[in-house]
Each structure stands twice: as C-alpha cells, then as structure tokens.
1. Could you name the aspartates and glutamates in cross-link range of K184, using Cα to Cα under 14 Å and dropping any fewer than eight places away on the same chain?
2. From the backbone phi of segment 400-417, what are the Karplus-calculated ³J(HN,Hα) couplings (6.51 cos²θ - 1.76 cosθ + 1.60, θ = phi - 60°) in whole Hz, Gly and Pro given as x?
3. For K130, go through the aspartates and glutamates and keep the ones whose alpha-carbon is under 14 Å away, minus same-chain ones fewer than eight residues off.
4. If you place +1 on the Cβ of every Lys and Arg, -1 on the Cβ of every Asp and Glu, and leave all else neutral, what size is the dipole of the chain about its Cα centre, to the nearest 20 Debye?
5. Counting DSSP beta bridges with both partners in the chain, what percentage is antiparallel, nearest 5?
6. List the residues, sorted by chain then number, that are 5 or more residues from A364 or on another chain and whose placed amide H is less than 5 Å from its amide H.
7. Suppose R0 equals 51 Å; then what is the FRET efficiency for D174 and K392 from their Cβ-Cβ distance, rounded to the nearest 0.05?
8. At a 1.4 Å probe radius, carbon and sulfur cover how many percent of the accessible area of segment 306-443?
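The values are calculated or read from the model by the stated rules, or taken from the named source; none is laboratory data. Model, not experiment: these values are computed from the prediction. Don't worry about glycine lacking a Cβ; one is built from the backbone with ideal geometry, like all the others, and counts go over all protein chains shown. The protein model used for the area step is the full one, side chains on, heavy atoms only, and it has no ligands, DNA or RNA in it. Shrake-Rupley method; radii C 1.70, N 1.55, O 1.52, S 1.80 Å.
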Amino acid sequence: MKKNLSILLGAFCCTLAPFVFAEKYQTIDLPKENAKTLKRYGAELYIASKANAYPIPHVLNRLDGNGKIETAQEWNNIARNKILKFYQTQVYGAIPPRPKSLKFELVESSDNALDGKAIRRQYKIISTDKFGTFEFLVLLYIPKNIDGKAPAFVYPNFWGNYSLTDEKEIPLPDFRYSGGKKVKIKEKERGSRDRLPVRDIIARGFATATFAYCDVYPDLVKEDGAKQSIYKIFHKDPKYPECMPFPAWAWGNMRVMDLLQTQPEIDCDKVAVVGHSRLGKTAIITGAYDTRFAYVIANNSGCMGDALSKRKYGENIHAIANVTFLYWLLPQMKKYANNEGELPLDQHHLLATIAPRMLYCASATEDVWADPEGELLGLMHACPAFALFGAKNFPTLDVLEIEKPFHGDVAYHIRKGKHNITPYDWKNFMDYAQKHGWNPKKK
Ligand code: GTR
C-alpha cells in the first residue's frame with residue numbers, strides 16, 4: 001500500500017511538477033508484458049510488491065556461519081577466497097590458465113590515427129598450450145596529447161572491432177554471430193556502433209583496447225561454442241560444462257591486460273575493465289579474479305551480474321539456466337532456479353571481491369529486465385566490504401535519481417533510456433576515474 005502510494009505520488013510529481021521534484025526511478029508492476037513472459041519464463045517477473053522476496057545475507061557474515069569478518073586482512077585471507085571458490089565451482093566455471101606461451105604480434109599500426117590524435121596498434125594475441133595455438137585480434141588506441149603514461153579501458157565488444165571506429169585499416173571479418181547465427185558483415189557497418197566512443201576517450205587522455213568477445217568463445221545458443229573457443233588449446237575435446245563461456249571471455253580480458261603490460265605508453269596501475277550486459281557480467285568476473293584491474297565497470301549487467309537474485313524482479317536464474325542461455329551457468333545453478341532463497345550468497349558477494357578497488361555499476365530506466373533497483377542494491381550490499389578498507393562514501397536508494405550520477409568511493413548512475421552503453425555512460429565512467437586520480441597530464 002505504502003509502495004503504491006509512493007508510485008502514485010511519483011507519477012504525480014513527474015507529470016505535474018518536473019522542475020520542482022527530481023525524477024526518480026521506481027520499480028513498478030509491468031502488467032501487460034507479463035502474459036507473454038510468464039508463459040515463457042514460468043514466473044512472475046515484474047510484480048513490484050513481490051520484489052525483495054528474500055533476506056539478503058550480510059556480506060561480512062562468515063560463510064561457515066561463525067560470526068562476522070571484522071578486518072580487511074580476514075576479508076582478503078578468508079572471505080574473498082571462499083566467495084571466488086563458490087563462483088568458480090557452482091556458478092560460472094573456472095577461468096582457463098595463462099597459456100604456456102603467449103605472443104603479441106603487431107599486425108598493423110599508425111602514429112597518426114583518429115585525425116592525428118592517437119597511436120593505433122592492432123595486435124594478434126597468440127596463445128599456445130598443450131593442444132595447439134589460438135589467436136585473436138586486439139585494437140589499441142593510445143592518446144598522443146599527454147605527458148607520461150595513459151590509463152586504459154579494456155572493452156570487449158559484441159560485433160567486432162571494425163564496428164566501433166570508421167578507420168579503414170580495421171579488417172572486416174567475414175561474419176559475426178547474432179542470436180547464435182552467422183551474419184555476413186557489410187562495409188556499411190564499419191563504425192556504425194557508438195558503444196566505445198574512441199574519440200572522446202582519447203581526447204580525455206585515456207587509452208582503450210577492444211576485442212570481439214566471440215573471437216574467444218562464440219556465444220552460441222547450443223554448446224558448440226566451447227569447441228571453437230580458447231579451450232581447444234587446453235582440452236582435447238572441449239565441452240560443456242567443463243569449458244564455460246564467462247570464464248573464457250574473462251580470460252580474453254586478462255590476455256589484453258598481458259598485452260598492455262608490454263606497452264610502454266600505458267600506466268598498468270590504472271587499467272579498467274568495462275563491459276555491457278553479458279559482458280558487464282564478464283567485467284565483474286574479470287575484476288574479481290584478476291586484481292591487476294584497478295577499476296571494474298559493469299554496465300546494465302543485470303541478472304548474474306550486479307543485480308541481486310534474491311530480490312526476484314526482472315530476469316532470473318530460471319530464465320537464464322532453463323530457457324535462454326542454458327550454457328552460461330554451471331548445471332549446479334539450476335537448483336536455485338525459482339528457489340533463490342536457498343542461495344548461500346548473492347551477487348553483492350561477488351562485487352565485494354573487487355574491494356578496495358574502484359567499482360562502477362550503471363543502469364538504464366527502460367532496462368527493467370536487468371532490474372535497475374536490484375543492480376543498485378547489489379552494489380549497496382557490497383559496500384561493507386569496501387568499508388573494511390576505510391571507504392565511507394557509499395550510495396543509498398536516493399541515487400536512483402535519473403541522470404544524477406553518484407561518484408563516491410564506489411559509483412552508480414541510472415541513465416534515461418534503453419539497455420545500451422552510450423557516450424553518456426562513458427563520460428561518467430571517465431569522470432569517476434578522474435575523481436580518483438586518473439588524471440593524464442595534457443601536453
Ligand atoms: C539478454 C540476457 C541478459 C543480458 C543481455 C545481453 O538476453 O538475458 O542477461 O546479458 O542478453 O547481454 O545483451
């Protein structure tokens with residue numbers, strides 16, 4: 001009742017007095033969409049009054065039930081490892097190792113890229129292990145307008161490197177995957193996506209490196225991805241569930257970090273991993289397991305990303321594990337489908353493993369499938385772990401105010417619009433970085 005009242009009040013404020021009251025995102029019922037989604041997912045996905053279904057375990061509770069973690073040292077030595085082990089054995093699978101041999105072959109470069117503002121380097125990352133060799137391409141832009149080393153953003157992309165920049169030197173692959181099918185790539189797609197605003201990033205003195213996530217593990221609806229993935233150099237016959245996709249994509253980010261460590265212009269103490277949606281989930285996993293990343297950015301990462309499963313609003317474990325992406329999660333996760341109360345921990349635990357490094361979670365108002373409020377709650381419930389390291393400036397539910405970013409010790413914003421990663425999101429990711437001392441000196 002109270003909630004309904006506040007929704008009505010919110011609607012009144014937004015329509016009649018937009019200049020007096022700030023607009024705030026609210027979780028609401030989405031009735032009509034339900035009939036179809038209910039049939040498909042067999043659950044009531046968008047009933048606001050049923051959200052926050054289960055209590056959220058305090059992130060500092062010891063997982064063996066014996067009291068609380070009290071210090072940063074106990075967190076690092078005990079809690080963190082247990083959380084990482086849970087996610088590796090019960091949720092996503094294990095990240096493949098660094099290959100026995102790793103080579104970086106420069107295949108193309110220019111000192112005069114992006115209208116003379118950047119250095120462009122395209123590398124082939126060549127990994128060799130027991131069962132062969134595997135290659136994937138990385139596109140790297142480094143700013144020319146700074147003194148000293150550049151912080152960098154690692155961004156795995158969906159369509160391919162060619163889609164993010166209009167530069168003709170980026171090769172056009174024959175095809176890309178879309179919904180599990182091969183789609184022929186057309187010249188007109190070159191630079192057609194603004195998901196990585198390379199010119200804005202370079203102008204602010206940051207570098208960026210990007211690669212196509214399907215080059216590392218094709219995201220196929222069946223389980224055929226494993227056979228064409230990085231796992232084939234580690235296993236004779238890679239198959240589900242030993243060879244899982246999220247760990248493979250995280251592995252790709254880690255190899256790009258290895259590459260950056262060979263680049264004299266990059267400040268490797270200031271490297272961020274950024275991902276949108278399923279790659280937002282991947283960014284969290286990458287940062288959780290690889291502490292070389294000083295900054296993790298999860299954009300619209302939703303269910304099994306930053307959103308709490310126990311909240312039960314929007315996409316849920318059942319939808320992923322039984323309906324849409326059966327190969328994304330380990331089969332063990334099925335027992336929590338429509339049974340989230342039994343989960344011993346939730347996504348705030350995984351976010352907490354990033355402490356005390358920088359963490360940004362971002363939502364979008366129309367991305368109800370990802371549950372914006374649940375994403376913010378995931379971040380908020382992770383904060384006590386950051387507090388163990390002395391952080392204090394944390395978000396509350398008030399930061400659901402639309403396009404009023406919160407840049408404290410951790411960061412959050414909710415943008416108007418759809419499920420996407422936009423120049424607005426990037427501007428804020430860079431603002432928060434700058435606030436935390438990522439200040440490349442302009443020449
Ligand atoms: C959706 C999936 C989400 C999210 C998204 C994406 O279909 O249900 O969890 O990962 O795909 O990656 O675009």
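1. Candidates past the 8-residue exclusion: D174.
2. Rounded to whole hertz, the list is 6, 4, 6, 6, 10, x, 9, 10, x, 6, 10, 9, 8, 8, 10, 9, 5, x.
3. Answer for K130, where 14 Å is the Cα cut-off: D237, listed by chain and number.
4. Approximately 460 debye in magnitude.
5. That works out to approximately 55 percent antiparallel.
6. R415
7. Once rounded, the FRET efficiency stands at 0.45.
8. 54 percent
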